[in-house]
Each structure stands twice: as C-alpha cells, then as structure tokens.
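A quick write-up on the structure given underneath.
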Number of protein chains: 2
Amino acid sequence: MRDQEQLAIRILDEVAGLSRDGIGITREAYGDGEERAMRAIERHAAALGFLAERDRFQNLWLRLPEDTRTAPPVVIGSHLDSVPQGGNFDGLAGVLAGLLVLDRLRGRADAAAPVRVLALRGEESAWYGKAYTGSLALLGRLPPSALALRHRRGHGTLGEAMARTGVDVAAVSRGEALVRPGEIAAYLELHIEQGPVMIARGWASTVVTGIRGNIRHHRIRCVGEAGHSGAVPRWLRKDAVLAVAELLSSMDEHWRVLLQMGVDLVMTAGICTTAAESHAVSVIPGEVEFSFEIRSQDSSTLTRFYGLFQEACQTIAAARGVRFTFDEAITSPPAAMDEGWIARLEASGAARGVPVERLPSGAGHDAAVFAGAGIPSAMVFVRNANGSHNPHEAMDTADLMDGVELLLGALLAEAV
Amino acid sequence: MRDQEQLAIRILDEVAGLSRDGIGITREAYGDGEERAMRAIERHAAALGFLAERDRFQNLWLRLPEDTRTAPPVVIGSHLDSVPQGGNFDGLAGVLAGLLVLDRLRGRADAAAPVRVLALRGEESAWYGKAYTGSLALLGRLPPSALALRHRRGHGTLGEAMARTGVDVAAVSRGEALVRPGEIAAYLELHIEQGPVMIARGWASTVVTGIRGNIRHHRIRCVGEAGHSGAVPRWLRKDAVLAVAELLSSMDEHWRVLLQMGVDLVMTAGICTTAAESHAVSVIPGEVEFSFEIRSQDSSTLTRFYGLFQEACQTIAAARGVRFTFDEAITSPPAAMDEGWIARLEASGAARGVPVERLPSGAGHDAAVFAGAGIPSAMVFVRNANGSHNPHEAMDTADLMDGVELLLGALLAEAV
C-alpha cells in the first residue's frame, strides 16, 4: 500500500512533466500531450507485467496476463486528455486508479469478474466542442458529423486528428462499435470531485449516485423599453433588468424550496448583461441577455423546473410589459448510476469501517456514456480542492489510495 | 391666437432648419447651432417690436419697450442648446413660449409684474459633461473649475467655447453674478415633458411640482465566487447574479409599496453586467457590475431609500457570502417649485375650465438652478411623445399654445 502510493506519486509526476505548458497541464484530445500520457501508462503497465493493447480507436486496454477468464469484464476507466491549461488529476487519476487496482489484483483469482483498465481519449469538449468522443466512438455512438468538428483554434477537424493518432476513422464514421453493451459487465470510473462538497464535508471518497443532466439556454433576451430614468414613472416602465431580476429571484426561491424537499437541482445564470451599445446609468434598461442552465439527476425534475421557468417568464412578461425570446434549449439527459454497484461500493467502505457518503455528479463523465448504452456503471469521487479544469486542482494521493481501496473492495465482493 | 400658432410653427420650423444635422437637431452649447437659434429669436423679437439684449455671458433677454416698470421682473426662460442629434422642442419650446407670452402682453399693463424672456445657453450636459452652465454662470454659481471641462470629442474647453461666443469669461471665472436673486420676482419655464405620462393620461399641459434630485452610483461591484455550474451545490455557492437579482427585486418591491403610500420615487439600474472576460453559461457568475440611481422630489425619501438599499446590500452580502463595493455616490438635491406659482398656474387653468394636473419633473432643468438660488420658480410641462434628446420628440403646437395660455393666465392674476 505504501509502495503503491509511491508508485502513484511517481506516475502522476511523470505524466505531469510530460504535459506541462508553462501555466498548467495540457493534454490535447487526439494530440501530443494525450499520446505522451498514454505511452507513459503503457511503459508503467509493461513494467508491472500487465498486458497492454490499443483498440482500433487508439484507446488503451490493460489486463492481468494470468486472468484468462472470458466472462464479460468489469472495466475501470477514465480519460487521459485534459483541457488547455488544466490540472493533472482530471482524468489521469481515474486511469491510474485502474492501474493500481489491477496491480492489487495480481496473483489473486477472487475478483468477481475479470478486470480491464481502459484509458480513453477525447473526453474534454474544450478541443472540438464535443465531449466523450473516445467513449462514444468505442460504443458506436459518435455521430459521424462529429468528425467534421473543427479544432478550437480553427486548424483541422476531429476526424483528421483521429487519423493522425492512428484511429480507424472509416470505422468510426460507419458507427462501428468496438464493444457491445453485453460484452462489459460494468464500467467503473474514479474521478476527482469538481465541486467543493467533499472538502467542505471532510470526505475522502464518495459514491456517485448519478450524473446530472441539464437543460440549457445560451441566450435568452428580455426586451422591454428604454426610457429616461427620471421622467418615466414605474407604471409606464418596461424595465428589462427588473424583469430579469424578478425572474431569477423567483426561480432561486423555487430552487431553495425544492432543495428542502430533497430534490436534486442546481440552477445558474452565468451570463447576464445589459446592451453595451446603449445602456447608461440614467436610461431605463430596454434589453438584457442572459443564459440559464438547470441540472439534475432526475429528468422529471428538469422538465418540471423548466416548465416553472417558462411559466415565470410568461407571468413576468405579462405583468411588466416585456417579452422574452429564447434560443434553442439544449438538453442532455441525466445518467443514473447502477444501484447494485453503488451498494457494493458502500459495502466496501463499510467493511473498512469507513461509511461512504453519496454525492451526485454535476459535471459529465464517460460513465454517463456507458450508462446511456445500458452498461451498469458506477463512479467514485476523490476529494479535490479548487475545482477542476485549472492548474490548481489539488488531490491528495492518500485520498486517491482510499478510492482505490473502495474500488478494490467492491470488485472482491461476491457475484457481479 | 390662430396667428400666434402660425408664428410658433414658423419659428419652430425656421430654427429646426438652422440646426439640422442629417439625423436630428444639433445646437451645440456655446457653438454654432445655439448661436444661429439665438439670432433667429433676436430677428423675430425685433420684428415683433421687442427690446432684445444680450448679457455679458451671451444669454438673450427680451422685453416689451413700453413696460418701463423697474420692479423685479418675472422671467420666462429656457435654453436654446440641444444634445447632439436631438429634437427641436427640448429648450426651444420654452423660449418660444416666453416670446409668445410677451407678444400677448403687448399694449397691456395688467401683468402683475414686468416680464422678461430669457434664452439661456449651455443647459445640456452632453457637450462638456456639465448641465445648466448658462444659468449657473448667470447667478454666479458656476464653479470656475467647470471652465476647464473638455468638449465631448476632446477638442477645447468650455471656457474656450464661451470666449469664442463672446462671453466675459474672466467674470464667469470670478463667479460674478449678473443677476442677484432679489432682482428676479420669479422664474417660469415651459418645457416638453420628457416622460410618457401626459400622453398616457391625455393631458395637454401640467404644472410641475418639483424637480427630482437623485443619488447615483455609476459602478457597484458584487463579488462572489466563480465555480462549476454543475458541481457546486446551492449551499456552497456565492452567485453574484442571484445576489444582485435578489437585491434589485427587493428594492423594486420596496419601491412599489412606497408608491402606494404616495411617495415620489423612481429607481433604475441601467447597467448590469457579468464580467465579459470570464463569464460563461456553465460557470457560476463570480462578479456583477451594476449602476443604481434613485430620484425623488423629496430629499428625505432619497436618504431613507438609499439607507434601505445599503441595508439590503449588507443583508444579502451576509446571507450569500458575496461582497458589494461602491464607487462614490453622486448626489443632486431636489428642487421644489414655488407653491404660490403652482397655485397661480392651477388657477389659470381652472379659470379656462381646464383643470391642470400636477406632475413631478424627473429630468433636471434650469428652473432647478433658479430655485436653488432662492428664486421662486415654477414650470409648465407640455405633452410630448417619444421622450426627448432624440429626433423623434413630438410636441403638438396646439399643446404649446395651451401652455402659453396657462402662463399668461398666471401672470395676469393679481399680486405677484
């Protein structure tokens, strides 16, 4: 265990050294940093005596040579790419956890199913505007149109980058699945928490209950009427700022009450601006543009809260003489984690005398793709400070080892 | 009366013709358009047989030659400058009204006091960032530092423009008053309404009760904490948008209630923006900048509502973990109109069988400067569509004549 922690630190440091960009960590999807990370994992896997093999889409698979069972394996996976100027732990920690679990299973035949470790590519949407390209392609679920998505800096497409990496792009574009749902017993993923809850609560590891889906508007306009701030009385105003303030405040209050009722929900208006060309201190604001996003593990919560939002827009529009116009709502469904595996992970913690708390995942993960394909999936979160997607991600290796222990215990439990 | 309306239309058209800029009307303070308008008024005054005279600060005074009384006169005034690409009626209508009143007083000795018409310069702050420079200088109340204010396009100062127009700038900078408060019996000003109330209510003329003062912050920052929109639960958020939304909504509700109690108040947050460099749909907004302005005819309403605002900021900061930082509050005191003259104007309407409603002025006017100097002042508003400071100002000349009638009646009443 002590040795494993030393190994974990060595691998984390080595991969960080291969992907530093001067500010943070950059491992571009289907690019150099990701490939260097993959080769480092391959070297360590070889040194540990694992069998390492890339599939036709250039994802990396590891397994124990002595485990020759042909039953559908439990896959422990995560991704090796990062956002630009990101942190070292988002993705890599999960692949490393798989490698450490595999190491612990060496010479043992008591894991309930054969175990494979999977290092995926292209999870981050930062590079081509689409997330989970590696896992979607693997399961034959990447829309062929995604291959034409352009790189964030405009040079080249996802398909071209895949081809350079050695991916069988023709197979991807045919929607060929390298793995069919029935061929995998379960997909497990360890990931750093991207929120602050575990730090605030003092939890080293948690079991993820589900991955929140979302409904999102990038751009809603509230159009009222500009006017002299001194000369127009309240009853003749159509103030877009006060309309949006009332809208967001009332939704915030609904949210507060729903949380008290135990509903899983977050709500964010990340962008909210009056019109820079025409706004002024002494002009009644005639226009506000804002974004609106809700996330929940429960699709009916999403649908009902979104309905409430639309109703509030209508009521406020009627009361205040403003109108709301909406861009297309973008919807991403929630992914439930497998209750059986949640129970196994909880039992694994309990067996060590460490009760494991449950936490929803607000961010998306490859696990959602596997769950969406009908593969029983589960996730372990590891405590992490300062959020993710930035150079200040801070995971303690001791916490990672705690997560490894949790996974291991779940795998060694009876009957998958 | 019919002839007078024809004359009014002729003068309005003529002055408009002298100040068209291709889009609207431009009569720059201490500039060409203002000077052309002043000369046009001088020509018409001469044609009507009035005595016309410019003071040392290049304001124009008109009087009837036959009225040789030396008692302090009632001054009917307004300004001849406009904002860039503005409308024809803001200011000019009031000077014209004075000229028409004087015309109606010709050959009569029954006005309660001698009447002077005053065409002021430099009322609009659009040119040098300071309003009422003509009336402030006249009363010895223009701070000498104002002479160094730069033109909106950066070329030259207010002092230089005044000098080019023939103003005795040395006297202005000494704070020399050309008129002392005791030398004027009253200051009356007719002006187009800059709000929509009179159109909405169907009122041709109204009597102004007072000119609203204001308290204004150009830039208040609400600083919270950015974070992942999916991964941070409500209890760990410091959402700057929801904090400002709650603040503005609660102040809006206070405002609504105070209006029901008969308080005079308007409230505006004309600018409200998340930080363009860092805001995003899926990031909890960590910062909002907004302006906040309140106006009232009553200074204690301003003080108390501002106190309520500060309290709300504190409460919300404590509850939501955000902090508010404020730029310096800019305060402009309200100006009460003279109750005696309000009563005279109301009596004047009543005598014609037209009850005259009262209306506060949300915008500032030269009348506030005269009132501030202790001169009994009053204003008449004339119905006008589409606000002011834009080419779409729309005053009906018949409504102007109604205002003239109102002024005339008040002047002919007994004992000033």
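The values are calculated or read from the model by the stated rules, or taken from the named source; none is laboratory data. Since we're looking at a predicted model, the values are computed, not measured. Here Cβ is always computed from backbone atoms with ideal geometry, including for glycine, and neighbour counts include all displayed protein chains. Each accessible area value is taken on the protein alone, full model and side chains, heavy atoms only, with ligands, DNA and RNA left out. Shrake-Rupley method; radii C 1.70, N 1.55, O 1.52, S 1.80 Å.
One residue stands out in the range B:223-261 among those that are acidic (Asp, Glu) and within 7 Å of chain A (Cβ to nearest Cβ): the one that is least open to solvent (accessible area, probe 1.4 Å), namely B:Asp252.
Put simply, of A:Arg63, A:Arg27, A:Arg56 the only residue that is modelled with pLDDT of 95 or more, under 21 Å from A:Ile184 (Cβ atoms), basic (Lys, Arg) and in contact with an Asp or Glu (Cβ under 6 Å, 6 or more places away or on another chain) is A:Arg56. Being surrounded by fewer than 15 Cβ atoms within 10 Å (Cβ to Cβ) and part of a helix (DSSP H, G or I) is true of A:Gly17. For the range B:179-209, a residue qualifies if it is under 26 Å from B:Ala269 (Cα atoms), surrounded by fewer than 23 Cβ atoms within 10 Å (Cβ to Cβ) and either among the small types (Gly, Ala, Ser) or away from chain A (no Cβ under 14 Å) (or both), and exactly one does: B:Ala200.
When the range A:198-216 is filtered for residues that are hydrophobic (A, V, I, L, M, F, W, C), in contact with a strand residue (DSSP E or B) (Cβ under 7 Å, 6 or more places away or on another chain) and not in a loop (DSSP other than H, G, I, E, B), the ones remaining, listed by number, are A:Met198, A:Ile199, A:Val207, A:Val208, A:Ile211, A:Ile215. Does A:Ser388 satisfy the condition of being of a type in the set (Ser, Thr, Tyr), in contact with an Asp or Glu (Cβ under 6 Å, 6 or more places away or on another chain) and open to solvent by less than 50 Å² (accessible area, probe 1.4 Å)? Yes: the conditions hold for A:Ser388.
Restricting A:Arg358, A:Arg383 to those that are assigned by TED's automatic domain parsing to the domain that holds A:His191, among the basic types (Lys, Arg) and under 30 Å from B:Ser278 (Cα atoms) reduces the list to A:Arg383.
Residues checked against (1) closer than 20 Å to A:His389 by Cβ; (2) not in a strand (DSSP E or B):
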{"position": "B:His218", "(1), (2)": "no, no"}
{"position": "B:Cys222", "(1), (2)": "no, no"}
{"position": "B:Gly230", "(1), (2)": "yes, yes"}
{"position": "B:Val241", "(1), (2)": "no, yes"}
{"position": "B:Leu247", "(1), (2)": "no, yes"}
{"position": "B:Asp252", "(1), (2)": "no, yes"}
{"position": "B:Leu258", "(1), (2)": "no, yes"}
{"position": "B:Val263", "(1), (2)": "no, yes"}
{"position": "B:Met267", "(1), (2)": "no, no"}
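Of the residues making up the range B:83-100, at least one is assigned to a strand (DSSP E or B), surrounded by 17 or more Cβ atoms within 10 Å (Cβ to Cβ) and in contact (Cβ under 8 Å) with a residue 12 or more places away in the chain.
Filtering B:Ala119, B:Ala131 for residues that are surrounded by fewer than 24 Cβ atoms within 10 Å (Cβ to Cβ) and either part of a strand (DSSP E or B) or assigned by TED's automatic domain parsing to the domain that holds B:Glu405 (or both) leaves a single hit, B:Ala131. Residues that are closer than 30 Å to A:Pro196 by Cβ and more than 7 Å from every other protein chain (Cβ to nearest Cβ) were ranked within the range B:262-278; the one that is most open to solvent (accessible area, probe 1.4 Å) is B:Glu277. Is there a residue in the range A:326-337 that is away from chain B (no Cβ under 12 Å) and more than 25 Å from A:Gly372 (Cβ to Cβ)? So far as the range A:326-337 goes, yes, one or more of its residues are away from chain B (no Cβ under 12 Å) and more than 25 Å from A:Gly372 (Cβ to Cβ).
The single condition among (1) touching a Ser or Thr at 6+ places or on another chain (Cβ under 8 Å); (2) within 25 Å of B:Glu225 (Cβ to Cβ); (3) surrounded by fewer than 20 Cβ atoms within 10 Å (Cβ to Cβ) that A:Ala413 does not meet is (2). The residues of the range B:65-82 that are open to solvent by less than 10 Å² (accessible area, probe 1.4 Å) and over 15 Å from the mean Cα position of the chain (by Cα), listed by number, are B:Val74, B:Val75, B:Ile76. Of all residues in the range A:164-178, those that are in contact (Cβ under 8 Å) with a residue 60 or more places away in the chain and on the phi < 0 side of the Ramachandran plot have Cβ atoms under 6 Å from Cβ atoms of residues that are outside any loop (DSSP other than H, G, I, E, B) and crowded, with 17+ Cβ neighbours inside 10 Å, 6 or more apart or on another chain, in A:Val172/A:Ala137; A:Leu178/A:Leu138.
Sub-6 Å Cβ pairs linking a first residue in the range B:244-269 that is without any contact (Cβ under 8 Å) to a residue 24 or more places away in the chain to a second residue that is of a type in the set (Asp, Glu), at least 6 apart or interchain, are B:Ser249/A:Glu246, ordered by first then second residue.
A single member of B:Gly374, B:Gly387 is within 13 Å of another protein chain (Cβ to nearest Cβ) and at positive phi, and it is B:Gly387. Residue count for the range A:269-295 under the criterion of being of a type outside the set (Ser, Thr, Tyr) and in a loop (DSSP other than H, G, I, E, B): the result is 11. For the range B:341-359, the criterion of being at the interface with chain A (Cβ under 10 Å from one of its Cβ atoms) and within 30 Å of B:Ala231 (Cα to Cα) is satisfied by no residue at all.
For the range A:178-192, a tally of residues being within 23 Å of A:Val382 (Cα to Cα) and of a type in the set (Gly, Ala, Ser) returns 1.
Listed by position, the helices (runs of 4 or more DSSP H) contained in the range A:306-416 that have at least 1 residues being more than 24 Å from the chain's Cα centre (by Cα) are A:339-351, A:397-412. For the range A:292-304, a residue qualifies if it is touching a helix residue (DSSP H, G or I) at 6+ places or on another chain (Cβ under 9 Å) and of a type in the set (Ser, Thr, Tyr), and the qualifying residues are A:Ser296, A:Thr301. For the range B:279-291, taking the residues that are in contact with a helix residue (DSSP H, G or I) (Cβ under 7 Å, 6 or more places away or on another chain) and at the interface with chain A (Cβ under 10 Å from one of its Cβ atoms), the one that is farthest from A:Glu289 (Cα to Cα) is identified as B:Gly286.
Per the conditions (1) outside any loop (DSSP other than H, G, I, E, B); (2) assigned by TED's automatic domain parsing to the domain that holds A:Cys272; (3) among the small types (Gly, Ala, Ser), the sole criterion not satisfied by A:Gly182 is (2).
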